[in-house]
Amino acid sequence: MAGGAAGVKVREGVRQTMAWLHGWSGLLLGWVLYVMCLAGSLAVFRPEIGEWMRPETRDRAPAPQAVAAAVGWLQKHASDAGAWFLYAPGPRTNTVEAVWFHGLDYTLRALDPVSGLPALRQTRGGEFFYRLHFELQLPYPWGRLLACTAAAAMLLALISGVIAHRRIFRDFFTFRPGRGQRAWLDAHNALGVFALPFHIMITFTGLVTLFSLAMPWGAHAVYGNNSAAAFQDLVPGAISRAAAGTPGTLAPIAPMIAEAERRFGGGHVGLISVLNPKDAASLVLVYQADDGGIATSPEAISFDGTTGRVLADYREGRAMVKAYDVVYGLHLARFADPLIRWLYFASGLALTGGIATGLILWIVKRRERASLGFCNRLVERLNIGVIAGAPIAFAGYFWANRLLPLGGADRAATEVTCLYSIWAAALVLAFALPRRVAWPALLAVAGFAWTVLPLADIATRGAGTMVLRVGDLTMVVAGLAFFAASWWARRRVAA
């Protein structure tokens, strides 16, 4: 009996320790994780968001023709760039995404697949949410390191939460509305358990994608600072060579892409890199698109840029590289059909909601026990400004896309500036308004911004495609959800 009692005490002590760890690991980076998960959920539909934000660009063309048109435009307007990187159109996107470098500075343009001209409505589209998800709009490598740290905290919070909760799956079916802390705990548990395997998978795979940055010592021991050699060993089909220093003419690129597709055995091209495009030693690297299976594909074929001759062709067969490709592919979900993408999206929103309810639960617990101190009041205001403010800011990004003049200078960057300006205003209101007013007010603003947005879309773009119509419907559903949350918050205040 004594041994059994001691065992119970040990188990309870472990659970209490895990509960403490769960709470603090979730709080310290909770706001970063909330933004990462919300942006990552939207990034599941990165190509579709890009199409929604470029409604005038509707033409489609085969990849060889579209890339050839883009190269023709780049030869006239970016011939002095050291490299061009072109993402070919595919089943989910119709534009050619072109990036070119001048030193460390880069330019990003979406190019029409038929004319090769820049799209009329320049925007970062869904690429913004994708980059925000793992770079947090911070300079390299600090944003990625912060995202990696936050992902590690998330994994720690998930594991410690499962250990701390004795009846986690049983309580998934328990909800006690109107019970204060208990109600928030039930909501937190339900959102956490709803897609728990997904939450663990997406957090772990996200960590793995950043391991080479967070723990570079193994690669450094083998390659030192020679990152080019490391990449060459990882992707042997993508060779590199120095510029000759003499002018050269780039051969037609469409035959190279057609040859690459033939060698890929039915797979279509994804990224095309043109290195030293006007040099006699130019290179064209064609990578296979990684949406044909779960594993991302680093397979590449290198062509001599001036002759179009194949210089290297490699098919990946190494077990460890394949294993990494599967882990990376699970996180990116480029393989997913529409149903799987919606499941990823819903599960991502559940994880986002779990983080939000956890942050709110932290304050509710302390409010029910005693009056809040300064630090807890600061946490509460940050909760309002981030949990309610981020959706308002993201809606502002889409509003800016529809309202800014089409030909404005740095239009894409201005859209992002509008997002952060709106978010800053929401944070100011979160601190300025009384708590009982701030929650329902900001949630109502989010509801209005998302619900009315489709009207602005229809008024500015005319007839729409299926992607545009589904996007508008999703925005209305999001707006109604925020209105419901505002109504519920207002009722809680009145009670």
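Any read-out appearing in this document is the output of simple, stated calculations on the displayed coordinates, not a laboratory observation. Everything quoted here is computed from the prediction, not taken from an experiment. Methodologically, a virtual Cβ is constructed for each residue, glycine included, from the backbone with ideal geometry; neighbour enumeration extends over all protein chains shown.
Quick notes
- Crossing angle, helix 466-494 versus the chain [Cα axis fit, 0-90 degrees, rounded to tens]: 20
- Calculated FRET efficiency for the pair Arg92/Leu117, C-beta based, R₀ 30 Å, to 0.05: 0.90
- Using alpha-carbon coordinates, inclination of helix 374-383 to the longest axis of the chain, degrees: 50
- Computed 3J(HN,Hα) for the stretch 22-27, one whole-Hz value per residue from the Karplus formula 6.51 cos²θ - 1.76 cosθ + 1.60 where θ = phi - 60°, is 4, x, 6, 5, x, 6, glycine and proline marked x.
- Computed packing ranks the peptides 279-286, 158-165 as 279-286, 158-165, most packed first, by mean other Cβ atoms within 10 Å.
- Lys76-Asp410 pseudo-label distance in nm [points 7 Å out on the Cα-to-Cβ vector]: 2.7
- Pairwise FRET efficiency - Phe448 versus Asn376, Cβ, R0 = 35 Å, nearest 0.05: 0.70
- Expressed as a fraction of 2.2 N^0.38 Å, the value expected for a compact globular protein of N residues, the C-alpha radius of gyration of the stretch 371-495 is 1.19.
- Taking label points 7 Å from Cα along the Cα-to-Cβ direction, Arg60 and Val99 give a separation of 2.6 nm.
- Hydrodynamic radius by Kirkwood, which averages 1/r over all alpha carbon pairs of the stretch 339-436, in angstrom: 15.6
- Spin-label model distance (nm) - Met201 vs Leu433, 7 Å beyond Cα toward Cβ: 3.9
- For the chain, alpha-carbon Rg and Dmax in angstrom: 25.2, 88
- Each Lys or Arg adds one and each Asp or Glu subtracts one; over the other residues with Cβ under 12 Å from the Cβ of Leu138, this totals +1.
- 3J(HN,Hα) along the stretch 319-336: 4, 5, 5, 4, 4, 4, 4, 5, 4, 5, x, 4, 6, 6, 6, 6, 6, 6 Hz, from the Karplus curve 6.51 cos²θ - 1.76 cosθ + 1.60 with θ = phi - 60°, whole Hz, x for Gly and Pro.
- Residue-by-residue Karplus 3J(HN,Hα) for the stretch 403-410, coefficients 6.51, -1.76, 1.60, Hz, glycine and proline x: 9, 5, x, 5, x, x, 5, 6
- Were the residues from Tyr314 through Ala281 laid out at 0.36 nm apart, the gain over their Cα-Cα distance would be 9.8 nm.
- In the chain, the longest principal axis of the Cα atoms and the axis of helix 338-369 are about 40 degrees apart.
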